[in-house]
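What follows is a single structure, written as structure tokens, with notes after it.
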């Protein structure tokens with residue numbers, strides 16, 4: 001765009017430096033190309049945490065209004081997780097589109113059947129992202145209070161193994177731009193697979 005306007009290109013700063021990238025790359029390769037050898041046994045307090053995360057995720061995933069509010073509330077308590085504010089904005093935007101599809105202003109553009117299809121498409125996509133991401137956010141919030149093996153909860157919540165080293169890196173040394181980028185990639189991959 002800047003070339004079209006005759007302006008010199010702006011040099012962007014990389015999200016992470018080369019050393020951190022090398023470390024993260026090796027952690028990701030190890031994670032993705034080696035068998036998962038975590039214990040599948042859960043202690044009573046871990047079982048309670050799983051139940052709590054499932055219950056809260058289901059309660060907040062009722063509709064787009066509850067999802068949008070959950071992301072914003074989460075961001076207010078965990079401002080270092082920039083992705084939750086981004087998710088709030090995207091969810092809110094999706095809600096505007098869903099409202100438009102239900103209003104009379106769209107009747108001349110789409111048939112009722114097409115409006116319904118687009119509405120359910122937005123609803124299912126937003127719900128799927130929430131169901132995948134919110135358990136991760138809640139687990140991070142719990143891990144701030146008390147250390148626990150984050151990786152152990154991957155399978156039970158069907159969380160991609162790709163994101164585990166990112167969260168572990170974030171727990172050791174918070175780097176919001178990296179976490180945000182990784183969560184965007186992770187959720188985009190999940191939607192594309194569906």
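The values are calculated or read from the model by the stated rules, or taken from the named source; none is laboratory data. Keep in mind that this is a model prediction, so the values were computed, not measured. As a convention, Cβ positions derive from the backbone with ideal geometry for all residues, glycine included, and neighbour counts pool all protein chains shown.
Remarks
- The condition (being within 30 Å of residue 106 (Cα to Cα) and touching a helix residue (DSSP H, G or I) at 6+ places or on another chain (Cβ under 8 Å)) is satisfied by just one residue among 122, 183, 171, 179: 122.
- Hits in segment 151-175 - residues which are more than 13 Å from the chain's Cα centre (by Cα) and part of a helix (DSSP H, G or I): 151, 152, 153, 161, 165, 168, 169, 170, 171, 172
- When residue 136 is tested against the conditions (1) surrounded by fewer than 12 Cβ atoms within 10 Å (Cβ to Cβ); (2) within 20 Å of residue 71 (Cβ to Cβ); (3) modelled with pLDDT of 90 or more, the lone failure is (1).
- Matching option when the condition is exposed (fewer than 11 other Cβ atoms within 10 Å of the Cβ) and free of Cβ contacts under 8 Å to residues at least 24 places away in the same chain, among 55, 66: 55
- Of the numbered criteria (1) under 20 Å from residue 164 (Cα atoms); (2) modelled with pLDDT of 90 or more; (3) assigned to a loop (DSSP other than H, G, I, E, B), the one residue 41 fails is (2).
- Count of segment 74-91 residues which are surrounded by 13 or more Cβ atoms within 10 Å (Cβ to Cβ) and over 15 Å from the mean Cα position of the chain (by Cα): 0
Residue-wise test of (1) part of a helix (DSSP H, G or I); (2) out of contact with any helix residue (DSSP H, G or I) (no Cβ under 9 Å at 6 or more places or on another chain); (3) free of Cβ contacts under 8 Å to residues at least 24 places away in the same chain; (4) over 27 Å from residue 157 (Cα atoms).
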| position | (1), (2), (3), (4) |
| --- | --- |
| 91 | yes, no, no, no |
| 98 | yes, no, no, yes |
| 108 | no, yes, yes, yes |
| 113 | yes, yes, yes, yes |
| 116 | yes, no, yes, yes |
| 129 | yes, no, no, no |
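- Positions within segment 149-167 being in contact with a helix residue (DSSP H, G or I) (Cβ under 7 Å, 6 or more places away or on another chain) and surrounded by fewer than 17 Cβ atoms within 10 Å (Cβ to Cβ), in sequence order: 151, 156, 161, 162
- Residues of segment 145-169 that are over 16 Å from residue 54 (Cα atoms) and in contact (Cβ under 8 Å) with a residue 60 or more places away in the chain: 148, 149, 151, 161, 162, 164, 165, 166, 168, 169.
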